[in-house]
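Undergrad: Got a structure here, written out as structure tokens. Questions coming.
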Amino acid sequence: MPSSRFLIDRLLRPIDFATATSIVELGAGTGCITKTLLKRMSPRCHLTCVEVEEEFARACSEIDDARLTVHHACATDLRKVLEGAGIAEVDYIVSSVPLSILDDELADEILEVTQSCLRSGGTFIQYQYSPSYLGKLNARYEDVRLGFTLRNIPPAVVYECVTA
Ligand SMILES: C[S@@+](CC[C@H](N)C(=O)[O-])C[C@H]1O[C@@H](n2cnc3c(N)ncnc32)[C@H](O)[C@@H]1O
């Protein structure tokens, strides 16, 4: 089931759309978060989506917006994807990738690569259905804030992780 509008609102709350110029979305699925990001983004902001399932990547590629680029790739390839597009670092990474059901090594690699792609002061925003990643994220980021929304099925936890 796609994320509810309440979860999407909560997830995107930390984003300063007036100043953001480069946003990444990991695990775009059928594009419910993607479309809201595009609605809120300024004309000079670019959105890079990375989705591992071919069918979902194709569906998102059909969204007609010049500010959007969709890549059929694993989140672990984010560095390569950005380098290929000439993007050195990004302001925000919004992730729906289900870290807790992935192999630990893969999930750790995703956390590593996302952190390395953020600019100083950039924010990694991730949702989960439990706070099980709080320890891991606290160990990596300067500032981690935890939010919740009950108005999603199931209720979700949102992490906002700001780099030093
Ligand atoms: C829970 S769905 C979220 C879909 C949508 N963003 C939403 O919030 O409704 C998780 C998405 O992450 C994608 N995904 C899972 N593992 C991934 C990975 N390693 N790299 C990129 N995307 C991944 C899945 O294919 C799926 O589309």
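Rule-based calculations on the coordinates, nothing more; no lab input. Keep in mind the model is a prediction, meaning the values are calculated, not measured. All Cβ positions, glycine included, derive from the backbone under ideal geometry; neighbour counts span all protein chains shown.
Undergrad: Out of segment 39-53, which residues are closer than 26 Å to residue 99 by Cβ and of a type in the set (Ser, Thr, Tyr)?
TA: Answer for segment 39-53, where residues must be closer than 26 Å to residue 99 by Cβ and of a type in the set (Ser, Thr, Tyr): just 48.
Undergrad: Taking the condition of being in a loop (DSSP other than H, G, I, E, B) and surrounded by fewer than 16 Cβ atoms within 10 Å (Cβ to Cβ), how many residues in segment 108-163 meet it?
TA: Number satisfying all stated conditions: 10.
Undergrad: Of the conditions (1) part of a strand (DSSP E or B); (2) farther than 23 Å from residue 120 by Cα, residue 1 satisfies every one except a single condition; which number is it?
TA: Here residue 1 clears every test but (1).
Undergrad: Please name all residue pairs, on different chains or six or more residues apart, with Cβ atoms under 8 Å, provided the first residue is in segment 27-48 and is in contact (Cβ under 8 Å) with a residue 40 or more places away in the chain and within 12 Å of residue 12 (Cβ to Cβ) and the second residue is within 12 Å of the ligand (Cβ to nearest atom) and assigned to a loop (DSSP other than H, G, I, E, B).
TA: Pairs found: 33/3; 33/96.
Undergrad: With more than 15 Å from the ligand (Cβ to nearest atom) and either under 11 Å from the mean Cα position of the chain (by Cα) or of a type in the set (S, T, N, Q) (or both) as the only criterion, which of 30, 36, 76, 21 stands out?
TA: Sole residue among the options that is more than 15 Å from the ligand (Cβ to nearest atom) and either under 11 Å from the mean Cα position of the chain (by Cα) or of a type in the set (S, T, N, Q) (or both): 21.
Undergrad: Turning to a different aspect of this structure: Being touching a helix residue (DSSP H, G or I) at 6+ places or on another chain (Cβ under 9 Å), surrounded by fewer than 12 Cβ atoms within 10 Å (Cβ to Cβ) and hydroxyl-bearing (Ser, Thr, Tyr) is the requirement here; does residue 96 meet it?
TA: No, not satisfied.
Undergrad: Among the listed residues 68, 102, identify the single one that is within 12 Å of the ligand (Cβ to nearest atom) and closer than 22 Å to residue 31 by Cα.
TA: 102
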